[in-house]
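Okay, structure first, notes after.
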Amino acid sequence: MSITLDQVTKHYGGVPVVNDVSLDIGDGEFFVLLGPSGSGKSTLLRAIAGLTGVDYGRISLHGRDVTEVAARKRGVGLVFQNYALFRHMTVADNIEFALRVRHMRASHRRERRRELLRLVALEGMDDRLPAQLSGGQQQRVAVARALAHKPEVLLLDEPFGALDAKIREELRRTIREVQRELGITTVLVTHDQEEAFAMADRLGIMNLGRLLEAGVPHELYSRPATRFVATFLGAANLFLARNGAEGIHVGAATIASHEHSPQPREHEVVAVVRPEEVVVAATPAELGSRFVAQGVVDEMVFAGALERLRLRLEDGSAAPLLATADAAATPYLEVTRTQPEQRAFELHPGQSVAIGVRRVHVLPTPLSSFTACAASSAAAETLARQPLLAELAARMKTRIGIRPEPQLGASAAGPEESAPFVGATVISCEPQAAQRAEWLLRHGANEVLVLPAQATVPQRVLIHWMDEAVRPATLAVSESVLRHVPAEAEYVGTLSREVAQELARRLSEAPGQMLIVGVSDLARFAERFSPLLDGGRWPVLVVHRAPS
Amino acid sequence: MSFRKPNVLPGFGLTFGFTIFFLSAIVLLPLAALVLAAASMHWSEFVAMVSSPRALGSYRLSFGASALAASINAVFGFVIAWTLVRYEFPGRRLIDALIDMPFALPTAVSGIALTTVFAQHGWIGRYLEPLGIKVAYTWLGVTLALTLISMPFAVRAMQPALLEVQHDLEEAAETLGAGRFYAFRRIILPTVLPALLTGFTLAFARAVGEYGSVIFIAGNLPMKTEITPLLIVIHLEQFDYRGAAALGVVMLLMSFVVLLAINLLQAWNRRRHARAAH
């Protein structure tokens, strides 16, 4: 491996900007780190270069641990967004800088410089000053300079940020060619998804300091594992769907998916439908089993080869669509159609159409949605406005359902209607919270989130499972939560027989903590968990899986 | 019909006229009057006046101490400017404002303040005395006063240039294998050299013309701690206007030569880079 990152973590002012990143980058690989601004991708690159120290974790280059090695001894070449050329030096002197530092003979330096200038297609520019070059040319010089000392790794920090589209395209190609010719392991940081697809052998996507997923572009696009990656890489429609015995149910459609694994009990999932996988037709009959719901054309945009449509679902509850843009109050379905599709069925705004899907991808996320549950619907609605819950739902791009349960917590009685509990069920932290949580868990809720009224986004998430059977589920839920909050995770091990008391003690040690606890055995649950849940000041997410 | 380039300020004719008028009325005319006053002397009289041992001693002190003060300010002014530009620390704005104090203070006040501190029984002077270091009433005191009053010129000249030296330049040098000293010598220094020279020039020019602060701390012993501006004032007090004018002309010439030399150095430095471009 050329670059190995092992649990690299870096804080600024107590906030983890790079949070527990582990990654292997192979020899000669072109790896792109993609993420929105502030996701920690540049900090990670600087950590690899040695310009930023890390608080925790190790960095190895070609098997050599360089975590404590100074930048100038790491053997990396770094290209900056604003070129960072030495303005008082000519192109030749800029490129030869690293060679002069190493006391290379003048004739060798000249030879190497010629070679590099040919590589970046700037022959004959030796005696120019940076100020006399265009932006694209300056960045070529910066690339040549970074390669002069034959570094083992080339790092590029948003190298095209300051260039216009055409130059950018050219320079991309040049850098890709240079990289192939030299076979040098390269890491490029960008926020531009198109650029990432165009250049990457492999792609890593960062958000809130975490590396969410890494893989080849095609795989990540067609089979993302997280909501963030699904919506950040290209456009995506997210549906709340049900995973049942025959397939994935999206609205009225049942789609047999090769990803579908028959479940003993139907449960809610998040399904990704790419805009190009949506079909529209005049009547549901034309779509058959692919028919999802009726919709209305809201907006049409001509975009060259493709036509972009925005559809509104006529009955939002039939096929729950999640808003992908943060601000969008009403979620829209995004659709792209090719020219043949447009000719086959012409549309105009306001037209009513039948909507179907060709292909869905189910996210393996265990937290599909939230349901605020209380004895009355007024209380449930108040709970749905709790700041942490609202924040989590917004960040996870999911919705908060309302479910009044008059019998909530009553020892024997079941729910009035037999609708299953889906997603995570949320109750408020009250004196009988433990009893209510037990009631919900016994009636089929898999995850119960117990919330104090004042809780806000946690800085630290404690994780504990009561026995091994529930460990995978607890970890999966924890991962899902941690992807959306910039918090640190800590596993709590305890030998104490009174686990709940011990966990409560740990939670009370510092503010801003949250607990995720896995249980498989519900015997005497309310009694055991009363110290933790009843009137506590911290959010607790209980994950329950029956032992198989 | 001529084409006029639109501009916020009135056109070339008007601004050039103003430039000439102002330079003439405020700079050139008084200087010409000075030369004229000196010219009314006989040549031999003039030479005798400006090359008397007392005058020569005063030049040595004035220009020597000014050059030393400007050099000190070039170095420490650079450090101060660097600290203010590069680091964020509590009280940075306060220190930034303090830099300008010597601008605003009547120079006599600076002189009195310095004398209070550095005189034989002053706050610091009393500790330097046993070490055999005398500040007040020596050339050291003169240099100290000149350093104090010319410091803001050096700092303010360098600050904008240091803002230009972005941190990534050092980081780029570092990833290319350069140590700190190498990066400073090859990257930072060449980038700020023009500003450094400008700072030196301004500090030097200010120091040469300084009068108020020096006379309090210098002691004004002829040949030892007497600066040229003081000598001029002494001549004036004796109603020897022509003598004063003669010394003034010499100061003017010497200052002009020094400033011209530095400006040529700057131009040469700029041309050197421009030449590299062809």
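The values are calculated or read from the model by the stated rules, or taken from the named source; none is laboratory data. Nothing here was measured: the structure is a model prediction, and the numbers come from that model. Cβ coordinates were reconstructed from backbone atoms using ideal geometry, including for glycine residues, and neighbour counts include every protein chain displayed. What goes into the accessible areas is simple: the full protein's heavy atoms, side chains included, and nothing from ligands, DNA or RNA. Shrake-Rupley method; radii C 1.70, N 1.55, O 1.52, S 1.80 Å.
Residue-by-condition table, conditions (1) touching a Gly at 6+ places or on another chain (Cβ under 8 Å); (2) in contact (Cβ under 8 Å) with a residue 60 or more places away in the chain:
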site	(1), (2)
A:A49	no, yes
A:D65	no, no
A:R72	yes, no
A:G77	no, yes
A:I95	no, no
A:V101	yes, no
A:V120	no, no
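Rundown of residues vs (1) part of a helix (DSSP H, G or I); (2) open to solvent by less than 30 Å² (accessible area, probe 1.4 Å); (3) at pLDDT 90 or above; (4) in contact with a Leu (Cβ under 6 Å, 6 or more places away or on another chain), yes/no style:
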position: A:P331; (1), (2), (3), (4): no, no, no, yes
position: A:T336; (1), (2), (3), (4): no, yes, yes, yes
position: A:T371; (1), (2), (3), (4): no, yes, yes, no
position: A:G401; (1), (2), (3), (4): no, yes, no, no
position: A:A410; (1), (2), (3), (4): no, no, no, no
position: A:P420; (1), (2), (3), (4): no, no, no, no
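Return the total of residues in region A:500-527 being surrounded by fewer than 19 Cβ atoms within 10 Å (Cβ to Cβ) and not small (G, A, S).
Number satisfying all stated conditions: 10.
For region B:164-179, check the following and say yes or no: at least one residue is at pLDDT below 90 and more than 30 Å from A:V143 (Cβ to Cβ).
Within region B:164-179 (the criterion being at pLDDT below 90 and more than 30 Å from A:V143 (Cβ to Cβ)), the answer is no, since none of the residues qualifies.
I'm trying to understand the selection: among the residues of region A:36-66, which are over 11 Å from A:V189 (Cα atoms), open to solvent by 10 Å² or more (accessible area, probe 1.4 Å) and either β-branched (V, I, T) or more than 14 Å from chain B (Cβ to nearest Cβ) (or both)?
A:G38, A:T52, A:V54, A:D55, A:Y56, A:G57, A:R58, A:S60, A:H62, A:G63, A:R64, A:D65 - these are the residues of region A:36-66 that are over 11 Å from A:V189 (Cα atoms), open to solvent by 10 Å² or more (accessible area, probe 1.4 Å) and either β-branched (V, I, T) or more than 14 Å from chain B (Cβ to nearest Cβ) (or both).
Mind checking which residues of region A:432-449 are within 16 Å of A:W538 (Cα to Cα) and either within 25 Å of the chain's Cα centre (by Cα) or acidic (D, E) (or both)?
Residues of region A:432-449 within 16 Å of A:W538 (Cα to Cα): A:432-434, A:437, A:448-449.
Residues satisfying the conditions are A:V448, A:L449.
Within region B:212-225, how many residues are within 23 Å of B:P102 (Cβ to Cβ) and in contact (Cβ under 8 Å) with a residue 60 or more places away in the chain?
Here the count works out to 9.
Yes or no, residue by residue, for (1) open to solvent by 20 Å² or more (accessible area, probe 1.4 Å); (2) closer than 25 Å to B:A104 by Cβ; (3) away from chain A (no Cβ under 14 Å):
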position	(1), (2), (3)
B:V142	no, yes, yes
B:A145	no, yes, yes
B:L148	yes, yes, yes
B:P152	no, yes, yes
B:D168	yes, no, no
B:E171	no, no, no
B:T175	no, no, no
B:I187	no, no, no
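Mind listing just one residue for me: the one in region A:197-242 that is among the charged types (D, E, K, R) and touching a residue at least 24 places away in the same chain (Cβ under 8 Å) and, of those, nearest to A:K41 (Cα to Cα)?
The residue in question is A:R210.
What residue, of A:L119, A:L163, is over 19 Å from A:G75 (Cβ atoms) and open to solvent by less than 40 Å² (accessible area, probe 1.4 Å)? Please lay out each step first, then the result.
On the way: A:L119 fails: over 19 Å from A:G75 (Cβ atoms).
On inspection, the qualifying residue turns out to be A:L163.
Please go through region B:97-120 and pick out each residue that is farther than 20 Å from B:N220 by Cα and either open to solvent by less than 30 Å² (accessible area, probe 1.4 Å) or basic (K, R) (or both).
B:I99, B:P102
Yes or no: region A:6-17 includes at least one residue that is open to solvent by less than 10 Å² (accessible area, probe 1.4 Å), within 14 Å of chain B (Cβ to nearest Cβ) and either in contact with a helix residue (DSSP H, G or I) (Cβ under 8 Å, 6 or more places away or on another chain) or closer than 30 Å to A:V481 by Cα (or both).
The answer is no; no qualifying residue exists.
Looking at B:A74, B:A70, B:A55 in this structure, which one is touching a residue at least 24 places away in the same chain (Cβ under 8 Å) and farther than 25 Å from B:K224 by Cβ?
Just a single option satisfies the conditions, and that option is B:A74.
Say whether the condition of being more than 14 Å from the chain's Cα centre (by Cα), without any contact (Cβ under 8 Å) to a residue 60 or more places away in the chain and within 14 Å of chain A (Cβ to nearest Cβ) is met by at least one residue in region B:191-202. Give the derivation first.
Going through region B:191-202, the residues more than 14 Å from the chain's Cα centre (by Cα) turn out to be B:191-194.
Adding the requirement that they be without any contact (Cβ under 8 Å) to a residue 60 or more places away in the chain leaves B:191.
The next check asks that each one be within 14 Å of chain A (Cβ to nearest Cβ); those that pass are B:191.
Yes, there is a match, as at least one residue in region B:191-202 is more than 14 Å from the chain's Cα centre (by Cα), without any contact (Cβ under 8 Å) to a residue 60 or more places away in the chain and within 14 Å of chain A (Cβ to nearest Cβ).
Can you tell me which of A:R87, A:R72 is open to solvent by 60 Å² or more (accessible area, probe 1.4 Å), under 27 Å from B:L189 (Cα atoms), modelled with pLDDT of 90 or more and within 8 Å of chain B (Cβ to nearest Cβ)?
Going through A:R87, A:R72 in turn, just one is open to solvent by 60 Å² or more (accessible area, probe 1.4 Å), under 27 Å from B:L189 (Cα atoms), modelled with pLDDT of 90 or more and within 8 Å of chain B (Cβ to nearest Cβ): A:R72.
Restricting the search to region A:429-467, which residues are among the aromatic types (F, W, Y) and open to solvent by 30 Å² or more (accessible area, probe 1.4 Å)?
Within region A:429-467, the first condition is being among the aromatic types (F, W, Y), and the residues that meet it are A:439, A:465.
The answer is A:W465, and nothing else.
Has region A:160-175 got any residue that is within 14 Å of another protein chain (Cβ to nearest Cβ) and over 30 Å from A:H484 (Cβ atoms)?
Checking region A:160-175: at least one residue is within 14 Å of another protein chain (Cβ to nearest Cβ) and over 30 Å from A:H484 (Cβ atoms).
With the condition kept exactly as written, say whether any residue in region A:27-35 is within 14 Å of chain B (Cβ to nearest Cβ), under 24 Å from the mean Cα position of the chain (by Cα) and crowded, with 21+ Cβ neighbours inside 10 Å.
Checking region A:27-35: not a single residue is within 14 Å of chain B (Cβ to nearest Cβ), under 24 Å from the mean Cα position of the chain (by Cα) and crowded, with 21+ Cβ neighbours inside 10 Å.
Within region A:1-110, considering only strands (runs of 3 or more DSSP E) that don't extend past its boundaries, which have at least 1 residues that are of a type in the set (D, E, K, R)? Please lay out each step first, then the result.
On the way: elements: A:3-12, A:15-25, A:30-34, A:56-61, A:76-79.
Qualifying strands (runs of 3 or more DSSP E): A:3-12, A:15-25, A:56-61.
Does A:S496 satisfy the criteria of being in a helix (DSSP H, G or I) and either touching an Asp or Glu at 6+ places or on another chain (Cβ under 8 Å) or of a type in the set (S, T, N, Q) (or both)?
No; evaluated as a whole, the condition is false for this residue.
Is it true that B:L202 is open to solvent by 40 Å² or more (accessible area, probe 1.4 Å) and either at pLDDT 90 or above or not in a loop (DSSP other than H, G, I, E, B) (or both)?
For B:L202, the condition - open to solvent by 40 Å² or more (accessible area, probe 1.4 Å) and either at pLDDT 90 or above or not in a loop (DSSP other than H, G, I, E, B) (or both) - is met.
Looking at region A:131-153, which of its residues are assigned to a loop (DSSP other than H, G, I, E, B) and more than 12 Å from chain B (Cβ to nearest Cβ)?
A:S134, A:E152 - these are the residues of region A:131-153 that are assigned to a loop (DSSP other than H, G, I, E, B) and more than 12 Å from chain B (Cβ to nearest Cβ).
Only one of A:R114, A:R109, A:R128 is farther than 18 Å from A:L85 by Cβ and of a type in the set (K, R). Can you tell me which?
Of the residues listed, the single one that is farther than 18 Å from A:L85 by Cβ and of a type in the set (K, R) is A:R114.
If you scan region A:154-187, which residues turn out to be in contact with a helix residue (DSSP H, G or I) (Cβ under 8 Å, 6 or more places away or on another chain) and either assigned to a strand (DSSP E or B) or among the hydroxyl-bearing types (S, T, Y) (or both)?
Answer for region A:154-187, where residues must be in contact with a helix residue (DSSP H, G or I) (Cβ under 8 Å, 6 or more places away or on another chain) and either assigned to a strand (DSSP E or B) or among the hydroxyl-bearing types (S, T, Y) (or both): A:L154, A:L155, A:L156, A:D157, A:T174, A:T186, A:V187.
Applying the selection to region A:468-484, what residues are open to solvent by less than 50 Å² (accessible area, probe 1.4 Å) and either assigned to a helix (DSSP H, G or I) or β-branched (V, I, T) (or both)?
A:V470, A:A473, A:T474, A:A476, A:V477, A:S478, A:S480, A:V481, A:L482
Mind checking which residues of region B:1-21 are at pLDDT 80 or above and either polar (S, T, N, Q) or more than 34 Å from the chain's Cα centre (by Cα) (or both)?
Once the filter is applied, which keeps residues that are at pLDDT 80 or above and either polar (S, T, N, Q) or more than 34 Å from the chain's Cα centre (by Cα) (or both), region B:1-21 yields B:T15, B:T19.
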